[in-house]
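Chemist: Below is one structure. I have some questions about it.
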Amino acid sequence: MQDEKIVELYLQRDESAIKETQSKYNAYLYKIAYNILNNREDSNESVNDTYLAAWDSIPPHKPNILSTYLGKITRRISIDIFRRHNRQKRQGSEYAISLQELEDCLADTSTPESELEIKVLGEAINTFLRTLSPDARNVFIGRYYYLDSVRDVAKYCKMSESKAKTLLFRTRNSLKEYLIKEGFLHEQ
Amino acid sequence: MNSEKILDAMEFIDEDILESVDVLRKHPDGHRFLWLNYIAVAACLVFAVIGAVSLFDSPTAPETNNESQEIIDGNIGVEDFMTGDMHDSVTDGSNEGKEEFAGSTTDNYTDSGTSGNTTTNTLASVALYVEITEITSDGFNANVIESNGTGLYDNQPVTVIYNGPQELEISDFNVGDKVYLKYNFNYNNGSIIYTSSIAFNSEDLK
């Protein structure tokens with residue numbers, strides 16, 4: 001089924017929208033989740049949560065590109081699961097507990113600011129990415145947005161692994177310079 | 001700012017940018033253009049058949065280039081190329097009368113150089129660490145930082161000519177970059193170096 005029709009099903013509150021989404025995008029979303037979580041059970045949980053989140057968010061949202069819209073949800077949910085698990089792993093140590101307490105205390109006062117800061121940073125990264133060559137941009141997105149391995153990125157960008165590594169190295173350095181210039185980072 | 005913030009911020013990347021990568025991820029082997037491969041293979045087969053037919057149809061075999069025939073017969077050794085004309089490759093008909101460069105691979109490059117005093121060495125699989133001073137049309141000029149027992153000395157200027165796979169472009173490098181390179185072959189007492197592998201990290205050298 002075409003994406004427009006699936007979105008139409010969501011907008012009409014037709015539950016078959018989830019089934020259609022699952023049959024078309026399950027493998028795509030699972031790959032995004034697995035790249036972050038490296039665990040089958042957690043990845044399935046993340047993908048299932050994505051369907052629910054999509055159901056809850058369309059409407060009011062009406063995504064232009066359904067795949068990237070769903071991919072963003074899966075990525076965010078998977079990162080949240082990853083961080084939650086990491087926090088749980090650290091719970092045994094008193095150092096980790098004290099660190100967590102301090103993080104929670106800071107988070108209470110700075111969350112809206114941080115969210116705004118991250119959004120502004122995201123817009124800056126967006127602008128930066130548009131200055132890159134298509135190859136450099138695709139490799140960077142593949143590695144740091146989709147979190148694919150360098151080998152996979154090199155394969156689907158049709159270049160050698162060493163060239164992909166070189167492009168990533170250069171792009172990271174350029175990003176650092178750009179963020180310093182834009183005032184997001186301080187020069188060391 | 002930490003790396004987590006950057007990863008979080010990437011959520012705000014525009015969808016058209018993500019979609020262009022999505023397309024690549026969905027077709028990692030380029031299936032969309034598979035038909036082009038079939039056409040290329042078919043064209044090669046047609047040329048091969050036409051070539052074979054015309055060869056067998058001709059009353060006498062075409063005359064072979066004398067020099068090529070001598071190579072095939074084993075009358076010219078590799079050492080002849082070191083003082084003579086430039087050749088891209090040598091086809092061995094037999095092993096007699098030929099020598100391999102010490103430590104060389106099948107990708108040997110020979111050149112008579114620009115002066116009569118040319119010295120030719122082959123030092124395969126030796127990593128050299130250099131700083132790029134100038135980008136040239138086919139490589140770059142650089143100063144040696146670490147010679148790693150190659151016989152070169154520190155700060156010696158060298159001309160590096162890249163002759164490796166096309167996927168690595170010299171435009172990927174800039175003046176001031178410090179890179180490792182695999183030291184395939186050199187002449188003019190080491191001042192000109194051919195390399196097929198350049199990388200920012202020595203472990204990435206092929």
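Chemist: Counting only residues that are among the charged types (D, E, K, R) and closer than 22 Å to A:LYS176 by Cβ, which one in the stretch B:1-22 is surrounded by the most Cβ atoms within 10 Å (Cβ to Cβ)?
Modeler: Within the stretch B:1-22, the match that is surrounded by the most Cβ atoms within 10 Å (Cβ to Cβ) is B:ASP8.
Chemist: If you don't mind, another one. Show the residue pairs that are 6+ apart or on different chains and have beta-carbon atoms under 7 Å apart, the first residue being within the stretch A:155-174 and on the phi > 0 side of the Ramachandran plot, the second being surrounded by fewer than 18 Cβ atoms within 10 Å (Cβ to Cβ).
Modeler: Pairs that qualify, where the first residue is on the phi > 0 side of the Ramachandran plot and the partner is surrounded by fewer than 18 Cβ atoms within 10 Å (Cβ to Cβ), are A:LYS158/B:GLY30.
Chemist: How about the stretch A:43-65: which of its residues are crowded, with 18+ Cβ neighbours inside 10 Å and at pLDDT 90 or above?
Modeler: Listed by number, the residues that qualify are A:SER43, A:SER46, A:VAL47, A:ASP49, A:THR50, A:TYR51, A:ALA54.
Chemist: A follow-up question, please. Of all the helices (runs of 4 or more DSSP H) wholly in the stretch A:128-181, which have at least 3 residues that are among the β-branched types (Val, Ile, Thr)?
Modeler: Fully inside the stretch A:128-181 and qualifying: A:161-181.
Chemist: Please go through the stretch B:10-29 and give me each residue that is more than 7 Å from chain A (Cβ to nearest Cβ) and in a helix (DSSP H, G or I), ordered by number.
Modeler: Matches in the stretch B:10-29: B:ASP16, B:VAL23, B:LYS26.
Chemist: For the stretch A:1-44, enumerate the residues that are charged (D, E, K, R) and part of a helix (DSSP H, G or I).
Modeler: A:ASP3, A:GLU4, A:LYS5, A:GLU8, A:LYS19, A:GLU20, A:LYS24, A:LYS31, A:ARG40, A:GLU41, A:ASP42
Chemist: Restricting the stretch B:163-198 to residues that are modelled with pLDDT of 80 or more and under 22 Å from A:SER133 (Cβ atoms), which is surrounded by the most Cβ atoms within 10 Å (Cβ to Cβ)?
Modeler: In this case the residue turns out to be B:ILE198.
Chemist: Does the stretch A:48-70 hold any residues that are free of Cβ contacts under 8 Å to residues at least 60 places away in the same chain and closer than 14 Å to A:ALA27 by Cα, and which are they?
Modeler: Scanning the stretch A:48-70 gives A:ASN48, A:THR50, A:TYR51, A:THR68, A:LEU70.
Chemist: Oh, and also: Please find, within the stretch A:127-164, the residue that is farthest from A:LEU175 (Cα to Cα) out of those that are within 7 Å of chain B (Cβ to nearest Cβ) and aromatic (Phe, Trp, Tyr).
Modeler: So the residue we want is A:TYR156.
The values are calculated or read from the model by the stated rules, or taken from the named source; none is laboratory data. These numbers were taken from a predicted model, which means no experiment stands behind them. Using ideal geometry, Cβ is built from the backbone for each residue, glycine included, and neighbour counts are taken over all protein chains shown.
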